[in-house]
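Below you'll find the structure, written out as structure tokens, and then a few comments.
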Amino acid sequence: MSDPTTHTMDGLVLPPGAGRTLVTSAQEVTMKVTGARTKVGSLFEVVVPPGFDVGAHAHANSEEVFYLLEGELEVLAFEPRERTPDNWQLWESRSGERPARATPGSVVHVPPGCPHAFANRTDQNARMLVQAAPPPNHERYFEELLEILNADGPPDEAAVSALRVRYGIQQLTPLRTRFSGRT
């Protein structure tokens, strides 16, 4: 007989399109599973518009897995021979690996500290699932970034830099959008 005083959290079933969506000029992030429900990893659906380049960056303590659902992305997940400050698309790993073209079904695993990037060089949106561990760092980062990007005027680059430092993110090359150039 089960003990009625113990409580097991119920599972979660989300229909398509459900979740809390954060929209910026750069990208759209829908939080599917957050740190409020799991200790393992947050899950997001991310729409990457044409012209968006997240810029090469590394997370000191976070691990990510990307699964491309629709569209194409140029992706990177390796330590380059040299971390040049402007164009990660030209990077090469010590073993000769270069940035790759990801298509639907592609998976990218990024361990903590590993430089990584993605860019949409097409004229169509790309859509991917992103798992980030441990939660809730990524969801808090996205929420705070949204506040900065939605403020009046151009993005406050000092505020974005301070946010990245607070969350252990080292930006190695600039984030770029089709409309804003650099951030």
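The values are calculated or read from the model by the stated rules, or taken from the named source; none is laboratory data. The shown structure was predicted, so the numbers you read here are calculated from the model rather than taken from an experiment. Cβ sites come from the backbone with ideal geometry, for glycine too, and all protein chains shown count toward neighbours. Heads up: the accessible areas ignore ligands, DNA and RNA and are worked out on the full protein's heavy atoms, side chains in. Shrake-Rupley method; radii C 1.70, N 1.55, O 1.52, S 1.80 Å.
Just a few scattered comments:
- Set side by side, the residues Leu68, Leu43 differ, and just one is in a strand (DSSP E or B), open to solvent by 30 Å² or more (accessible area, probe 1.4 Å), closer than 20 Å to Ser106 by Cα and not acidic (Asp, Glu), which is Leu43.
- Hey, Thr183 assigned to a loop (DSSP other than H, G, I, E, B), under 23 Å from Pro80 (Cα atoms), at pLDDT below 90 and open to solvent by less than 50 Å² (accessible area, probe 1.4 Å) or not: yes
- A Cβ distance below 6 Å, combined with a sequence gap of six or more or placement on separate chains, defines the contacts here; from segment 121-145, residues that are at negative phi reach residues that are open to solvent by 60 Å² or more (accessible area, probe 1.4 Å) and part of a loop (DSSP other than H, G, I, E, B) in the pairs Thr122/Glu72.
- Residues in segment 88-144 that are polar (S, T, N, Q) and either under 28 Å from Gly35 (Cβ atoms) or open to solvent by 60 Å² or more (accessible area, probe 1.4 Å) (or both): Ser95, Ser106, Asn120, Gln124, Asn125, Gln131, Asn137.
- Selected residue (only one of Thr21, Thr30 is open to solvent by 30 Å² or more (accessible area, probe 1.4 Å) and free of Cβ contacts under 8 Å to residues at least 24 places away in the same chain): Thr21
- Subset of segment 149-169 [of a type in the set (A, V, I, L, M) and closer than 21 Å to Glu64 by Cβ]: Leu149, Val160, Leu163, Val165, Ile169
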